[in-house]
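Contents: one structure, followed by commentary.
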Amino acid sequence: FPTTFEELIVLEEHSSDHKEWLQNIDKNEWKFEKRFKEFISAELGYGHNIVEDIMDTADKILSKLENPKRLGSWRRQGLVFGNVQSGKTTSYSALINKATDAGYKIIVVLGGLNKNLRSQTQIALEEYYTGYKTANRMDAVTERIGVGLLNEYRNLKVTTLTSRDDRRS
């Protein structure tokens, strides 16, 4: 199937406080990124060029955030949005996996205007990021799915404060 990936557009207020950092990072130990790439390539069948476009776009967005290991006081915020059915879930999943590897400890996803959309987002993130279902206890690995099925990365652990049950938050 022919697939296109539109060019990333960044609207940014230039800040003299922001320090470029991502290009100086050694990503050889970034396991969440590797696991996600392997999953969308092998399991979802995304072609090499699409995978590279997704990962490059996530790098461009991540580079606009601050290095989570930067010392001192700093503040940086942003918003990622896109059209319906435009690949947002895959794109922000790539970003979340990379942000975890970079050292971000808390990631908040605003997943929809109603419980059903929020639950759909949770299910997608379980497959693309946490690697396990959260139907019962949110911190217990009850059933591995998605990226969690890749044996090489089974020891990667993510704690979530929400579940896929749309009757709970």
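The values are calculated or read from the model by the stated rules, or taken from the named source; none is laboratory data. As the structure is a prediction and not an experimental result, all values here were calculated from the model. No Cβ is skipped: glycine too gets one built from the backbone with ideal geometry, and neighbour counts run over all protein chains shown. Calculation scope for accessible area: heavy atoms of the full protein, side chains included, ligands and nucleic acids excluded. Shrake-Rupley method; radii C 1.70, N 1.55, O 1.52, S 1.80 Å.
Anything in region 80-100 that is hydrophobic (A, V, I, L, M, F, W, C) and open to solvent by 30 Å² or more (accessible area, probe 1.4 Å)? List them, or say none.
Once the filter is applied, which keeps residues that are hydrophobic (A, V, I, L, M, F, W, C) and open to solvent by 30 Å² or more (accessible area, probe 1.4 Å), region 80-100 yields Val80, Phe81, Val84.
Which condition number does Asn116 fail, the rest of (1) part of a loop (DSSP other than H, G, I, E, B); (2) surrounded by fewer than 13 Cβ atoms within 10 Å (Cβ to Cβ); (3) at pLDDT below 90 being met?
Unmet condition: (1).
For (1) outside any helix (DSSP H, G or I); (2) in contact with a Gly (Cβ under 9 Å, 6 or more places away or on another chain); (3) open to solvent by less than 60 Å² (accessible area, probe 1.4 Å); (4) touching a residue at least 60 places away in the same chain (Cβ under 8 Å), each residue gets a yes or a no:
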{"residue": "Asp59", "(1), (2), (3), (4)": "no, no, yes, no"}
{"residue": "Ser63", "(1), (2), (3), (4)": "no, no, yes, no"}
{"residue": "Asn67", "(1), (2), (3), (4)": "yes, yes, yes, no"}
{"residue": "Leu71", "(1), (2), (3), (4)": "yes, no, no, no"}
{"residue": "Gly78", "(1), (2), (3), (4)": "yes, no, no, no"}
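Quick check on this structure: which one of Tyr104, Tyr92 is modelled with pLDDT of 90 or more, part of a helix (DSSP H, G or I) and aromatic (Phe, Trp, Tyr)?
Answer to the selection: Tyr92.
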